[in-house]
Amino acid sequence: MDDQVQDIPAMMAEIGAAARAAAGELAHASAERKHAALVGAAEAVMDRRGAIADANALDMEYGREKGLSDAMLDRLMLTEDRIRSMAAGLRDVAALPDPVGAELEAWTRPNGLRIRRVRTPIGVVGVIYESRPNVTADAGGLCLKAGNAAILRGGSESFHSSGAILLAIGAGLKAAGLPETAVQRVPVRDRAAVAEMLRMTDYIDVIVPRGGKGLVGLVQREARVPVFAHLEGICHVYLDAAAHPEKARAVILDAKTRRTGICGAAECLLIDRAAAGLGRAVLDDLVAAGVTVHGCPEVCALEPRAVPANDDDWGHEYLSMDIAARMVDGVDGAIAHIRRHGSNHTEAVLTEDDAVAARFFERLDSAILMRNASTQFADGGEFGMGAEIGIATGKLHARGPVGAEQLTSFKYIVEGDGTVRG
């Protein structure tokens, strides 16, 4: 479809009606047909990888012209390995147990009523995301697995890539005899389409925003449709005095530098004052790797190459080779800092002291808490979910990685034998 459409509301209503109809078919589609559609989509991604790469080259050029940062361009780029990973992710989702119809609980009442609580699709899921085109495959695949239709609105930078990936998903759906309208995308860059999505209560059951604070804040303020919020990833790593030196140094370097442009990248390092010696070695590792450390005065004294932090550095998502660093008084100092500046995404504690780890886990309420592991593992694929739509940081319905199971609701099946309530 042409990127310029005059009547956005009419276009979105058409997409919404088609999605609602497709959701009705998907809700009772067999596990085998959904599996076939996902495997077919994976094969189509590989068959069309040249076309996907060509489309991505157009997006990369567009991104450079817009002046995107290196981190954002990295998010946008689809290498051969990343295209293969997309296909592998679709196969992983296909291999998961079908969540629809799974029995969650069952019991019998004294009056003989047999009650079961079973998983059921949500219906139509709207996903609004920014520059990462692989979300097109992840979101489309997970929604399909859970029996939901999907309406996807990717970032303007990934317009061509997302379109090419969607064609592959459509090929998989068609080959499996499922409606191609089960996974659709908004075919225009016009932001009016986003505003329209947020009001489509007749067609969309839930919106999943995946992006920075600006996007998520807009969706939360303006949406009339329920929202699973994926807020920014202000991930903290706390280096405790009882940390194992080699483990800690490896984990911190990976957490910051493996990929700086993802939401699981560490953005703030908190160092126990009792671990100043190890902290100095860790800071040296980071600077040697090319990371700019924005430090409190004590950190700057430990590492003279650090730059003084300002108030905006605490609670800041850099998505780049930058990290904030502060000295704290033990685990309670780290907890206090995270409670004040965190985004409830992912926090890690590096310690061999079980009591310290237990206190960290007990007193913090982020969606993901880790011990002696890189925050870069904050990912649905790494959790065994095949893929994810995002990391939900709210507390209702879905929390943490949103995979196929989290994209279902439930219903009660009640069976009697002429049972009456007299």
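The values are calculated or read from the model by the stated rules, or taken from the named source; none is laboratory data. The model shown is predicted, which means the values in this text are computed figures rather than measured ones. Please note: Cβ atoms are built from the backbone with ideal geometry, for glycine as well, and neighbour counts cover all protein chains shown.
Against the test of being touching a helix residue (DSSP H, G or I) at 6+ places or on another chain (Cβ under 7 Å), surrounded by fewer than 22 Cβ atoms within 10 Å (Cβ to Cβ) and among the basic types (K, R), the options R273, R326, R280, R339 yield a single qualifying residue, R280. Taking first residues from region 41-65 that are assigned to a helix (DSSP H, G or I) and partners that are acidic (D, E), the Cβ contacts under 9 Å between residues at least 6 apart in sequence or on separate chains come to R49/E80; A53/E80; D59/E157; M60/E157; Y62/E157; G63/E157. With respect to (1) surrounded by fewer than 24 Cβ atoms within 10 Å (Cβ to Cβ); (2) part of a strand (DSSP E or B), the lone exception for I128 is condition (1). Candidates are the residues of region 66-90 that are without any contact (Cβ under 8 Å) to a residue 24 or more places away in the chain and within 17 Å of A164 (Cα to Cα); the one that is surrounded by the fewest Cβ atoms within 10 Å (Cβ to Cβ) is D81. Of the residues in region 275-291, at least one is of a type outside the set (A, V, I, L, M) and outside any helix (DSSP H, G or I).
Might you let me know whether region 367-374 holds any residue that is surrounded by fewer than 18 Cβ atoms within 10 Å (Cβ to Cβ) and touching a His at 6+ places or on another chain (Cβ under 8 Å)? Yes, that holds for at least one residue. Given the structure, is G147 on the phi > 0 side of the Ramachandran plot, touching a strand residue (DSSP E or B) at 6+ places or on another chain (Cβ under 9 Å) and either modelled with pLDDT under 95 or surrounded by 24 or more Cβ atoms within 10 Å (Cβ to Cβ) (or both)? Considered against the rule, which asks whether it is on the phi > 0 side of the Ramachandran plot, touching a strand residue (DSSP E or B) at 6+ places or on another chain (Cβ under 9 Å) and either modelled with pLDDT under 95 or surrounded by 24 or more Cβ atoms within 10 Å (Cβ to Cβ) (or both), G147 comes out as yes. Sort through G177, G212, G155 and tell me the only one that's in contact (Cβ under 8 Å) with a residue 12 or more places away in the chain and surrounded by 22 or more Cβ atoms within 10 Å (Cβ to Cβ). When all the criteria are applied, what remains is G155. Is it true that some residue in region 330-345 is among the charged types (D, E, K, R) and not in a helix (DSSP H, G or I)? No; the residues of region 330-345 include none that is among the charged types (D, E, K, R) and not in a helix (DSSP H, G or I). Would you point out the residue of region 251-267, among those that are of a type in the set (A, V, I, L, M) and farther than 17 Å from R371 by Cβ, that is modelled with the lowest pLDDT? Filtering region 251-267 for residues that are of a type in the set (A, V, I, L, M) and farther than 17 Å from R371 by Cβ, the one modelled with the lowest pLDDT comes out as I262. Would you pick out the residues in region 290-314 that are more than 23 Å from T351 (Cβ to Cβ) and out of contact with any Pro (no Cβ under 8 Å at 6 or more places or on another chain)? G290, T292, A301, P304, R305, A306, V307, A309, N310, D311, D312, D313 - these are the residues of region 290-314 that are more than 23 Å from T351 (Cβ to Cβ) and out of contact with any Pro (no Cβ under 8 Å at 6 or more places or on another chain).
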